[in-house]
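> Below are the structure tokens for one structure; questions will follow.
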Amino acid sequence: LANLLNESAIAAAREGERQVHWKHVETARDRILLGKERKGFRALDIERCTVAYHEAGHALAGILCCPEDGLHKVTIQARGQALGVAFFSPDDDRSLYRRSYLEGQIMKGLAGRAAEEMVFGPEHVTSGAQSDLQQVNGIARKMVYALGMGERTGLLVHDGEPGSLSPEAHAGMDAEVRDLLGRMYVKTVEMLDVNREALAALAVALIERETLDGAEALRVME
């Protein structure tokens, strides 16, 4: 919080303001959470278009699959190493997560790659989903290995100790993780296809305006 307020004061000073306003807090939060804005950088037009559909996919899937998280902002402004981001801001901290919520998180994470494939074709998917895939693999693996949510392995879990599971059980759990990700990807593509007009509308708005807050993005998709 101290860091946020300090960055907010710096943002206000840069604009010659004598008071810190909410817009400066927003600027500071983006800088802390999303990274420093890459001023002067502009991606190739084809890359901007790809990123716009990628982030629109995340935003749309998040609103449909995890509405309780709340879409705060979606942007194709380059920050840090990212060329864009759909940023969600849950209203409450949670301690327990339902299977449906975890599956929704996987679909939200896969929606960027799914949007790229659906719009541009399988041969034109990009490296932009690298961190998304790492995240969803982690969720799926935890569901199967730690939370007993595998369809075939059921309540069998890995306690973290070497040798606690047989090689056959490990192979079965790996297959469960792969199957779970595959099922969620198919559902994600189907969901995006049903809402393709909303996806395209948000992507076009991002190309034109670069950044939309959550309420604006929702209005565009509706």
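> Going by alpha carbons, how many degrees (0 to 90, nearest 10) lie between the helix axis of 99-120 and the longest principal axis of the chain?
Approximately 70 degrees, to the nearest 10.
> Taking the chain as the reference, fit the longest principal axis to its C-alpha atoms, fit the long axis of helix 22-34 to the helix C-alpha atoms, and give the angle between the two in degrees, 0 to 90, nearest 10.
It is inclined by approximately 40 degrees.
> Taking a virtual spin label 7 Å from the Cα of E37 along the C-beta vector, which residues in segment 56-84 bring their backbone nitrogen under 11 Å of it?
77-79
> Can you divide the C-alpha Rg of segment 121-184 by 2.2 N^0.38 Å and report the result to two decimal places?
Scaled against compact globular proteins, the figure is 1.28.
> Dividing the convex hull volume of the alpha carbon atoms of segment 149-222 by its residue count, what do you get in Å³ per residue? Write out the running numbers ahead of the final one.
Working: hull volume 11.6 nm³, N = 74.
Dividing the Cα hull volume of segment 149-222 by its residues yields 156 Å³.
> Moving to a separate point now. If you take the alpha carbon radius of gyration of segment 1-49 and divide it by 2.2 N^0.38 Å, what ratio comes out, to two decimals?
1.40
> Further question on the same structure: Given springs between every Cα pair under 10 Å in a Gaussian network model of the chain, which of P67, P122, P162 has the largest fluctuation?
P162
> Can you give me the three principal axis dimensions of the chain from its C-alpha atoms, in Å, biggest first?
65, 42, 29
> Further question: Over segment 94-134, consider all pairs of different Cα atoms and compute the Kirkwood hydrodynamic radius from their mean reciprocal separation; express it in Å, one decimal.
The Cα-based Kirkwood calculation yields 11.3 Å.
> Suppose every Lys and Arg Cβ carries +1 and every Asp and Glu Cβ carries -1, with no other charges. What dipole size does the chain come out with about its Cα centre, to the nearest 20 debye?
Value, rounded to 20: 520 debye.
> Sticking with this one: Once you put a point 7 Å from the Cα of A169 and another 7 Å from the Cα of V20, both along the Cβ direction, what distance in nm separates them?
A separation of 5.2 nm, rounded to one decimal place.
> Starting from the 7 Å offset along Cα-to-Cβ, what nm value, one decimal, do you get for the label separation of R178 and D91?
Here the answer is 4.2 nm between the modelled labels.
> Nearest 0.05, what FRET efficiency do A215 and V186 give at R0 = 30 Å with Cβ-Cβ as r?
0.45
> Specify which residue in the list Q130, M143, L199 is farthest towards the positive end of the charge dipole of the chain, using unit charges on the beta carbon of Lys, Arg (+1) and Asp, Glu (-1), about the Cα centre.
About the Cα centre, the residue reaching furthest to the positive side is Q130.
> Bin width 10 Å, alpha-carbon pairs only: give the P(r) of segment 18-95 as whole percents, running from 0 to the bin holding the largest distance.
Final binned percentages: 17, 41, 33, 9, 0.
> Also: Evaluated at 25 °C with a viscosity of 0.890 mPa s, what Stokes-Einstein diffusion coefficient in µm²/s does segment 93-222 have when Rh comes from the Kirkwood expression over alpha-carbon pairs?
Value of D from the Cα-based Kirkwood radius: 148 µm²/s.
Only the coordinates and a few stated rules stand behind these numbers; no lab work does. Not measured: the values here are computed from a predicted model. Quick reminder, even Gly has a Cβ in these numbers, built from the backbone with ideal geometry, and neighbours come from all protein chains shown.
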